[in-house]
Every structure is written in C-alpha cells, then in structure tokens.
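Visitor: The structure is given below, and queries will be raised subsequently.
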Amino acid sequence: MNETKLKTRPKDGATEILVLVNHPMETGQRVDPKTKEKVPAHWIQNLSIELNGKTVADVDMGVAISKDPLIAVAVKSAKKGDKVKVSWSDNKGQKGGAETTVGA
Amino acid sequence: MKIILTMLTALGLVGAVALPAHADPQADLKQFQGYFAKKFPKVKKDEYSNGFYAFPQFSDYRKMWESYNEFPPYELGLDRGKAFWGKKFANGESLGSCLKKGQIKPAYSYPHWDKAKKELRTAELDINACLKANGEKEFTDLEKDMKERVALAEVTAYFYSMYKGKRAKPDVDFKDPGALAAYEKGKEFYWARRGQLNFSCAACHVQLAGKDMGGNQPLSAGLGHPLGWPAQRLEWQRIDTIMMRYATCNSQVRAKPLKHYSPEYLDLQLYETYMSSGLPLTAPAMRN
Amino acid sequence: MNPINRRTFLKGTVAGGVVAVAATAGLLKPTRVLAAAWPAAAFDAKSIDDALKGLYGSSAATPGAITIKAPLQAENGAVVPIAVSTSLPKVDSIAILVAGNANPLVASVNLMNGAEGYFSARMKMGKTSNVQVVARAGGKLHTASQEIKVTVGGCGG
C-alpha cells in the first residue's frame, strides 16, 4: 500500500501544501543485488492537487524525482477548513491519493 | 578513502590514538562532555543530539536538513511503525501492554543493564522479547533480511518518537560489576584502532569531530551520537537500526562488521549513550 | 498539460467531438478534462533545449525574476531539495531541469486557480551540475540557474 501523506501550513501569507508519497521511484538503472538484474523503471508520472474541488497544481514527474517523492505548492487564499485532495498515478497504472483540510 | 588515510596520517592520528586509562564512568562523562564544551564553545550542548548539523561550519548542510525536516521522509516508516505498535496480539496483549508492565522500559533508559539476566538490553531486544513472550513472531535474520530489520527499526523508531526531547539516562547501576565491565569494554572498543584503515571511533568522532573529511564528509561528534537512532540516512533512504550503522561504519574502515546485538556493539552502544547522558533524544532523525 | 496537445484537441478533431459529448453527459471530471498523456518526449529529451521545446514549444527564456533555494553542495545526490519561487504575475507553469542528468527534465508543474508561483521537490542528481528552472508567465518563459555540487560522500556505506 503506497501511503500518501498530506499537510498544509502557512507560508509567507499563503498556504503551502506538501505531499509525501511512499513510492520507490525506480529509474530502471538500479541493479537488484539478489537477481543481478536491473529493476524495471517504476515511477509516479502524474500528481495532481485540488483545493475545494479545483485543480491548483498538475505535476508531471520523471524518474529523477527522489524515492518517496516530496512535492510542495502554495495557494494564495486558502482558509482553515478548505478541502485539499491529492491524487497520483504511476507508469504501472497504480494510483494513490489522500485528502485533508487546511489547518487540520 | 586514500585521501582520508593520507590526511589522517599527516595529522598524526593513524596509529597514534591514545587510549585513556580511566575506570570511573562519572569522571569519564565529565571529561568527555567537557572536551566538546571546551573545543566548541559556541555549540549549545543539546545541539549535539543533531549530529554534525550542530556545527556552525556546516550551516549550509543544516539549512538543507531543516528543509528535510519540514516533511521528513521517515514519517512514512514511522506510520508503519505506529501501526505495528498498535496491533493487538492473538492473546489480547500488545507492545503497549509490555511497556505498561515495565517489560519495555522508557526509551531514555536504554541501554539498560538487566541485573537478573546479567546482560545489556536495548529497546529492540525488549521489543523482540515482548513479541516472543506473547507468542508472536520475533524480528529475525536482521543482517540478511532488510525488510525484517527495517520493520524492527520502524517500530523502534515509533517507540522512541514517543520520548522525543526526553533526556538520555541509561538505566545502569555501575556498582554491579557486570555493568561496569560492559561499560569498560564499550569504552575500550570506542578508543581502539581497527580495520585495515586503522581508525578508532574516537579518531573521527572525537579528535576530528567538526572537520570535513575530504571536503564532502562532515564528521559528527561522539557526544549525542546515538540519540538520533533509529535514524533515516539520506544514504539509505529508510529508517534503520543503530546496529546497522555500527556494522557499516566498521566495514568502511575495513574492519569486520559484527552482527546485531553482538556483545561488542551492545557495550559500544552503552558507552556512547552514557557519554551522551542528559542530552535530548531526537529519534527518529534525518542523518547523512 | 502539454499546450500543443490542448491546441490540437480544441481545434475540433474527432476526439474533441467525443469529449464534448462525454463532458455534457457528465462522464468527465471538470478538473481534468484533458487526460493528457505524460509528456514522454520532454522527459526523454537529452538536452535542456529539447526538453523545453517539448514542454513549451520553445526554449527561449529571459533570465531573472526567479529565486532558487537549493544547496550549493548537496549532502547526497539521491535526495537534493530544491524550491523555486517567483512573483511574476500569471505564472502557469514551472519546470526543473538538471543539465548533468542523462535526461535533464526532472519535473514540471502546471499551476492554476490561485496557485502561487512556487514549486518544491526533492530530486536525484548524478553529478555536479547546473540546475535550470523555467517559469512560464503571461505566455513568456523566464529562467534562472544554479550549480549544485555533488560529490560522493566519504563515509557513504
């Protein structure tokens, strides 16, 4: 199960939305020490962040994003209680996501 | 490593680390903590629990460390550890009930000298013992099975997280000859040279603490060293055990790595933790 | 989203017709009408120039107006934190590229509906390299860059 963690916090008068996803982000170049073969590339391709049902950020990422990706964006006028939702999908078709409210 | 060896030889540290001849843990503690206070007057004592990020000369690394801490990757492992900690055993007990009954001690009191068993206990050992005593599967094969070891590290990390900020106070009665002997062996291990590269722990973490080896390897102080463990290293990108760190550090000086809970490593953990008495626990922590 | 795809799409291809029907039927979520394919060409590009052309149709960018917060020397090349911010008005896209990586494009974000010109991530770098960030604001590209040193740690293990 790929956990997706979400948090928000105030930042310079705006609200920062931070996402941390449990994902291997394999580049396809790493050699498995046991099998001696390259571990196939497996990475999150798209991650999208919504505030109150509207997309605020749509991220496309490649294998050069670190393992257990951290992504953060900021929104100007978010209020306590506003709904934040993140959803992601990877190159193998696996999906994940999480929801929270601002100031939770 | 060649560059490092040349540097250390030039500094006269390879093959020339003096072995102090103290027999009094309390006196050792005063001297050890006093050494760092004198050498780095600007570093607040509590900061040593943060590894080399305590040093002002590494403030650039510290800025990045602070940015990791905004949403540290270890939170993922910590959540898994929390889930494991909260699981009820088949017999209705849990790790929490072992803690309540005193079979698992508060994190700040580890390593703990068990007078009855005449042995050192660490949090991992007591967590495993609790599982076994309640008919649950222990974590085993820790050297070879990374999944097992990381799962143990994660639940231990969760356990330690409940005591973050509490001050280290290993529960050891030095009047007990077995306890004192363990301490002395740990101290000896810390100061003894080993491996093809002939380093001691002290060479890097006492004499060279605060220096940047080869320009890309900042050296942390021995003071506060174990208090961030179990830790998540940038190098490993997972939470792992202090025993694993001891083993890999020994491998790096080309000394034979020892197994989890070998007496040498238990004694070492006691010595290091006792030398850090009074400093705050920071586990789990981000480390290099 | 890839603007080239969007333009072709909205010019009324057969697919456009299908989407219009589906949208009316409520089959498509309004937040992501165009299920744009992951921009493989941009991510597979071997040069910053080609990656930017793949993303934005052009690589011509004006230097300035962007702040990069990233280490001068990364403690570890596997997890390099980088934060990009700009106060340019109407920023709708930010991209991060690492010149020394085999495929320079690390990530790109399309920003909308009140999102600020800010994007933060942790990335892998294989070696010391110039890192370039691009922000699109009001249809124009702006850029800034910084070198990040990556050296193998002495006590990696």
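Visitor: What is the magnitude of the charge dipole of the stretch C:41-150 about its Cα centre, with +1 placed on the Cβ of each Lys and Arg, -1 on the Cβ of each Asp and Glu, and no other charges, expressed in debye to the nearest 20?
Guide: 60 debye
Visitor: Which length gain, in nm to one decimal place, applies between residue B:115 and residue B:254 when the Cα-Cα distance is subtracted from 0.36 nm times their residue separation?
Guide: The residue B:115-residue B:254 span can extend by a further 46.5 nm.
Visitor: Can you give the FRET efficiency to the nearest 0.05 for residue A:92 and residue B:262, using r as the Cβ-Cβ distance and R₀ = 56 Å?
Guide: Working from the Cβ atoms, E equals 0.85.
Visitor: A further question on this structure: For C:85-96, what's the mean count of beta carbons from other chains sitting within 10 Å of each residue's beta carbon?
Guide: Mean shielding count: 1.
Visitor: Ranked highest first by the average count of other Cβ atoms within 10 Å around their residues, in what order do B:113-119, B:267-273 fall?
Guide: Highest mean packing first, the order is B:267-273, B:113-119.
Visitor: Among the Cys residues of chain B, which have no other cysteine Cβ under 4.7 angstrom away?
Guide: B:201, B:204, B:249
Visitor: Please name which of B:270, B:251, B:104 has its Cα lying farthest along the dipole of chain B towards the positive end, using unit charges on Cβ (Lys, Arg +1; Asp, Glu -1) and the Cα centre as origin.
Guide: Of B:270, B:251, B:104, it is B:270.
Visitor: A 23 angstrom limit on the alpha carbon distance is what I want to check against. Which of B:144/B:256; B:38/C:149; A:38/B:63; B:144/B:164; B:115/B:137 exceed it?
Guide: B:38/C:149; A:38/B:63; B:144/B:164; B:115/B:137
Visitor: Given springs between every Cα pair under 10 Å in a Gaussian network model of chain B, which of B:134, B:216, B:198 has the largest fluctuation?
Guide: Per the Cα network of chain B with a 10 Å cutoff, B:216 tops the list.
Visitor: How many nm is it between the label spots at residue B:132 and residue B:188, if each spot is 7 Å from the Cα in line with the beta carbon?
Guide: With each label placed 7 Å out from Cα toward Cβ, I get 2.7 nm.
Visitor: Let me ask something else. Once you've got the GNM for chain B with C-alpha springs shorter than 10 Å, pick whichever of B:41, B:170, B:257 has the biggest mean-square fluctuation.
Guide: B:41
Visitor: Select from C:130, C:145, B:113 the residue farthest towards the positive end of the dipole of the protein assembly as shown; place +1 on Cβ of Lys and Arg, -1 on Cβ of Asp and Glu, and compute about the Cα centre.
Guide: Farthest towards the positive pole: C:145.
Visitor: Find which of B:36, B:219, B:284 sits farthest along the positive direction of the dipole of chain B, computed with +1 on the beta-carbon of Lys and Arg, -1 on that of Asp and Glu, about the Cα centre.
Guide: Toward the positive end, the furthest listed residue is B:36.
Visitor: Points 7 angstrom from Cα along the Cβ direction at residue B:147 and residue C:69: gap in nanometres?
Guide: Output for this residue pair reads 3.9 nm.
Visitor: Here is a follow-up. Within the P(r) computed for the stretch C:76-157, what percentage of the Cα pairs occupies the region above 21 Å?
Guide: Across the stretch C:76-157, Cα pairs with separations above 21 Å total 32 percent.
Visitor: Another question, if that's okay. Partner chain Cβ atoms within 10 Å, averaged over the residues of B:65-72 - can you pull that number for me?
Guide: Mean number of neighbouring Cβ atoms from other chains: 5.
Visitor: Here's another thing I want to ask about it. Counting only other chains, what is the mean number of Cβ atoms within 10 angstrom of the Cβ of each residue in peptide C:121-128?
Guide: Mean number of neighbouring Cβ atoms from other chains: 6.
Visitor: Sticking with this structure for a sec: Please check: in the Gaussian network model of chain B (C-alpha springs, under 10 Å), which one of B:168, B:203, B:83 has the largest mean-square fluctuation.
Guide: Result for chain B, Cα springs under 10 Å: B:83 fluctuates most.
Visitor: Please list, in order, the residues from the stretch B:113-144 whose amide nitrogen is less than 15 Å from a point placed 7 Å along the Cα→Cβ vector of residue B:89.
Guide: B:125-139
Visitor: Based on alpha-carbon centroids, what's the gap between the stretch B:215-288 and the stretch B:36-103 in Å, whole number please?
Guide: Cα centres, the stretch B:215-288 to the stretch B:36-103: 12 Å.
Visitor: Given axes a ≥ b ≥ c from the Cα gyration tensor, I'd like to know whether the protein assembly as shown is rounded (a/c under 1.5), prolate (a/b larger than b/c) or oblate.
Guide: Since a/c reaches 1.5 and a/b is larger than b/c, the shape of the protein assembly as shown is classed as prolate.
Visitor: Suppose every K and R has +1 on its Cβ and every D and E has -1 on its Cβ; what is the size of the dipole of chain B about the Cα centre, in Debye to the nearest 20?
Guide: 240 debye
Visitor: Another one. For residue B:181 paired with residue B:63, estimate the spin-label separation in nm (one decimal), with each label point 7 Å from Cα along the Cα-to-Cβ line.
Guide: 5.3 nm
Visitor: Continuing with the same structure: Applying 1/(1 + (r/R0)^6) with R0 = 25 Å to the Cβ-Cβ distance of residue B:173 and residue B:140, what FRET efficiency is obtained, to the nearest 0.05?
Guide: So, using R0 = 25 Å, E works out to roughly 0.20.
Visitor: Cut-off is 10 Å between beta-carbons; in what order do B:79, B:60 appear when sorted fewest neighbours first?
Guide: In increasing order of surrounding Cβ atoms, one gets B:60, B:79.
Visitor: Using unit Cβ charges (K, R positive; D, E negative) and no other charged atoms, how large, in debye to the nearest 20, is the dipole of the protein assembly as shown about its Cα centre?
Guide: That gives the protein assembly as shown a dipole magnitude of about 540 debye.
Visitor: Still on this structure: Restricting to the protein assembly as shown, what percent of DSSP beta bridges are antiparallel, rounded to 5?
Guide: DSSP beta bridges in the protein assembly as shown are roughly 90 percent antiparallel.
Visitor: Using packing as a proxy for protection, rank B:275-288, A:30-43 so that the peptide with the highest average count of other Cβ atoms within 10 Å comes first.
Guide: B:275-288, A:30-43
Coordinate-derived values only; no laboratory data. Everything quoted here is computed from the prediction, not taken from an experiment. Methodologically, a virtual Cβ is constructed for each residue, glycine included, from the backbone with ideal geometry; neighbour enumeration extends over all protein chains shown.
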